[in-house]
Amino acid sequence: AMSAFLFRRQWFPVSLPQFGVVRSTAEATNVLDNFALGELRWAAVEDHLRNITDALVVDVGVNVGVTCRWWLGLSPSVRVIGIDMFQEALDFTTERMSGPEQLARWHPICAAVSDHDGEIEVRFDDPLLGTSRMDASGGRLTRVIPTRTLDQLVAPFAPGRIALLKVDIEGAAGRALMGARQT
């Protein structure tokens, strides 16, 4: 992770407990920021996830899936719904899961989370970069992406039973939460 952070390059794959094999610079940087530096760590939340049965985590803004892999590794009772507007991010994360046991508890959904159903056109350069925005995006590529409310996306998995909701969608969290009134 330090190599990726300092040199902007992941020199070789590294196998890390709970994360599996980390091959890309984006993954290494995520591990460093979110876990080594503690940006997404909170002992009380992690203890809660380890100690309850059927813990449902909703990760809105999966990107390279480091957080999803972390939560799945905390306990065999954790299930993760991963939502991202880029199918590439979900495929990347699925490929990095550490076996059939984790895959059985992983539920990827491709959509942009908003306060209404519809669609948006997004401009971006790299679907795995983690900086693409629903509004005012720049980039050489364009894609039309469906928007859905969090209520609609989460309802089939057990509404009202979310143990942890992580929303990291580049400035659109307010709109996402407006579409989560029942959730």
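We did not get these values from a lab; they are worked out from the coordinates using the rules stated. What you are looking at is a predicted structure, and each value in this text was computed from that prediction instead of being measured. Positions of Cβ are generated from backbone atoms using ideal geometry, with glycine treated the same way; all protein chains shown enter the neighbour counts.
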Per-residue HN-Hα couplings for the range 31-46, Karplus 6.51 cos²θ - 1.76 cosθ + 1.60 at θ = phi - 60°, whole Hz, x for Gly and Pro? 4, 5, 5, 7, 10, 5, 8, x, 4, 10, 9, 8, 3, 4, 5, 5
Using amide H atoms built 1.01 Å from N in the peptide plane, name the residues 5+ places from I120, or on other chains, whose amide H lies under 5 Å from its own. I145, T147
Most mobile of A44, A163, A36 in a GNM of the chain (Cα contacts under 10 Å): A44
Filter the chymotrypsin sites (Phe, Trp or Tyr not before Pro) in the range 14-110 down to the DSSP loop ones having no more than 15 other Cβ atoms within 10 Å, then list what survives. W42
Could you go through the range 109-123 in sequence order and give the Karplus-derived ³J(HN,Hα) for each residue, using 6.51 cos²θ - 1.76 cosθ + 1.60 with θ = phi - 60°, rounded to whole Hz, and x for Gly and Pro? 9, 9, 5, 8, 8, 8, 8, 7, 7, x, 7, 9, 9, 10, 9
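May I ask what percent, to the nearest 5, of DSSP beta bridges between residues of the chain are antiparallel?
Working: 10 of 29 bridges.
Within the chain, antiparallel bridges account for around 35 percent of the total.
Give the residue list of GluC sites (Glu not before Pro) in the range 22-67 that are DSSP loop and have at most 15 other beta-carbon atoms within 10 angstrom. All intermediate terms of the calculation are to be shown ahead of the outcome.
Details: sites: E27, E39, E46; in loops: E39.
Answer in residue order: E39.
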Once the Cβ-Cβ distance between R140 and S77 is put in as r, and R0 is 45 Å, what FRET efficiency do you end up with, to the nearest 0.05? 0.55
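What 222 nm value per residue comes from the helices of the chain, counting each DSSP H run with n ≥ 4 as -39,500 (n - 2.57) and dividing by all residues, nearest 500 deg cm²/dmol? Can you show the working numbers first?
On the way: 8 runs with 55 residues, N = 183.
Computed mean residue ellipticity for the chain: -7500 deg cm²/dmol.
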Sequence order, the range 78-88: Karplus ³J(HN,Hα) from phi using 6.51 cos²θ - 1.76 cosθ + 1.60, θ = phi - 60°, Hz rounded, Gly and Pro as x, gives 7, 10, 10, 9, x, 10, 8, 7, 10, 4, 4
